[in-house]
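Here the structure is laid out as structure tokens; the discussion comes afterwards.
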Amino acid sequence: MNNSLLLPRVQERPRTIADRTRRVYDTLASIYPASTFFFHSKAHACALRHSRIRNGMRVLEVATGSGEMFRRLLKANPDGETFGLDLSPNMAAHTLRRARKDFPCVQAHCGAVDVRDLPFREGSFDAVVCCYLLELLAEDDIASTLREIRRVLRSGAVFSLVVIGQNVKMFNRLYAVCGSLAPAFWGRQVESDVPGMIRQAGLRIVTDQFVRQGFYPSRVLAARKR
Ligand SMILES: C[S@@+](CC[C@H](N)C(=O)[O-])C[C@H]1O[C@@H](n2cnc3c(N)ncnc32)[C@H](O)[C@@H]1O
């Protein structure tokens, strides 16, 4: 997978809020690691524990952002092959640069790809990971993304998902305000609908845990392809 080959896929789609999302995250790629450190790292560690990832697997992370979870995956899978993708070319480039620097001998591939249309064959991964993406997708796109993820998983493999929790009332109010001011960056909370959508996509939930990092709630789910 290589950035220049995959970039046209992103641009082929009709113009939607995803274009703004790509621009916003492109702009923030160099400072985004701070936000991940303060708000996402605890849930990332929890998702990795539930992911059943073992060394030697073929693993995919969708929506890597600046690559903090991606580097955890490389550490857990040094003899396997780990793929990452993000809508934002700058995020994908940042992720790959850091991965190559910290894990020069590990097979790591990253590209700018829209998750709604995965360029991989059916059943090609032993595990798929997705953290804090669904908030940014339209409802129909969440359903089609989950179907795409299921398609690329081999049967019996595990999909690990992190979404922003809706179990802290004050946080929900604040998030609704932020989401109305900058929808392309914040999106909206979707956590309470997600378990039903996972099941509808043909995946069976095997673990489900709420995690809090300070004021910031997350829900970590793992689901198996039947
Ligand atoms: C909130 S950030 C989360 C980043 C990272 N997964 C983490 O846990 O910190 C969401 C990421 O999703 C990416 N994204 C948004 N829409 C996408 C799409 N349709 N396909 C792939 N990536 C997308 C954004 O570019 C951004 O990097």
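Tell me, yes or no, whether region 165-180 has at least one residue that is aliphatic (A, V, I, L, M) and closer than 23 Å to Leu118 by Cα. Looking for residues that are aliphatic (A, V, I, L, M) and closer than 23 Å to Leu118 by Cα, one finds none in region 165-180, hence no. Report whether or not Ser144 is small (Gly, Ala, Ser), part of a helix (DSSP H, G or I) and within 16 Å of the chain's Cα centre (by Cα). When the stated conditions are applied, Ser144 passes them. Restricting attention to region 153-174, does a residue exist that is of a type in the set (Val, Ile, Thr), under 27 Å from Gly56 (Cα atoms) and assigned to a helix (DSSP H, G or I)? There is no residue in region 153-174 that is of a type in the set (Val, Ile, Thr), under 27 Å from Gly56 (Cα atoms) and assigned to a helix (DSSP H, G or I). Of all the criteria given as (1) among the hydroxyl-bearing types (Ser, Thr, Tyr); (2) within 23 Å of Thr36 (Cα to Cα); (3) touching a residue at least 40 places away in the same chain (Cβ under 8 Å); (4) more than 10 Å from the ligand (Cβ to nearest atom), the one not satisfied by Ser88 is (4).
Please verify whether region 153-176 includes one or more residues that are within 14 Å of the ligand (Cβ to nearest atom), under 18 Å from Phe39 (Cα atoms) and without any contact (Cβ under 8 Å) to a residue 24 or more places away in the chain. Yes - at least one qualifying residue is present in region 153-176.
When every residue of region 158-175 is checked against the conditions, at least one turns out to be buried (at least 18 other Cβ atoms within 10 Å of the Cβ), at pLDDT 95 or above, of a type in the set (A, V, I, L, M, F, W, C) and in contact with an Asp or Glu (Cβ under 8 Å, 6 or more places away or on another chain).
When you check Asp19 against the structure, is it modelled with pLDDT under 95 and charged (D, E, K, R), yes or no? Even if it seems obvious, please write down each step before you answer.
Numbers: modelled with pLDDT under 95: yes; charged (D, E, K, R): yes.
Yes: the conditions hold for Asp19.
Select from region 120-137 the residues that are surrounded by 20 or more Cβ atoms within 10 Å (Cβ to Cβ) and either among the hydrophobic types (A, V, I, L, M, F, W, C) or in a helix (DSSP H, G or I) (or both) and list them in ascending order.
Hits for region 120-137 are Phe125, Ala127, Val128, Val129, Cys130, Cys131, Leu133, Leu134, Leu136, Leu137.
The residues on offer are Glu12, Glu61, Glu68, Glu81, and the sole one that is surrounded by fewer than 18 Cβ atoms within 10 Å (Cβ to Cβ) and modelled with pLDDT of 95 or more is Glu81. Those residues that are over 22 Å from Met91 (Cβ atoms) and surrounded by fewer than 17 Cβ atoms within 10 Å (Cβ to Cβ), I need them from region 40-51; list them, please. Within region 40-51, just Arg49 meets the criteria. Only one of the numbered conditions (1) surrounded by fewer than 20 Cβ atoms within 10 Å (Cβ to Cβ); (2) within 10 Å of the ligand (Cβ to nearest atom); (3) modelled with pLDDT of 95 or more is not met by Leu28, and that is (3).
Any idea which residue in region 55-85 is farthest from Ser155 (Cα to Cα), counting only those that are part of a loop (DSSP other than H, G, I, E, B) and either free of Cβ contacts under 8 Å to residues at least 24 places away in the same chain or within 15 Å of the ligand (Cβ to nearest atom) (or both)? It would help to see each step written out before you state the result.
Start the filter on region 55-85 by keeping residues that are part of a loop (DSSP other than H, G, I, E, B), which leaves 55-57, 63-67, 77-80.
Within this subset, residues satisfying the condition of being either free of Cβ contacts under 8 Å to residues at least 24 places away in the same chain or within 15 Å of the ligand (Cβ to nearest atom) (or both) are 63-67.
On the way: Ala63: 22, Thr64: 23, Gly65: 27, Ser66: 29, Gly67: 27 Å.
It comes out as Ser66.
If you go through region 86-108 and keep only what is in contact with a helix residue (DSSP H, G or I) (Cβ under 8 Å, 6 or more places away or on another chain), outside any helix (DSSP H, G or I) and surrounded by fewer than 22 Cβ atoms within 10 Å (Cβ to Cβ), you end up with Phe103, Val106.
The values are calculated or read from the model by the stated rules, or taken from the named source; none is laboratory data. Small disclaimer: the values here were computed from a predicted structure and weren't measured. Cβ coordinates were reconstructed from backbone atoms using ideal geometry, including for glycine residues, and neighbour counts include every protein chain displayed.
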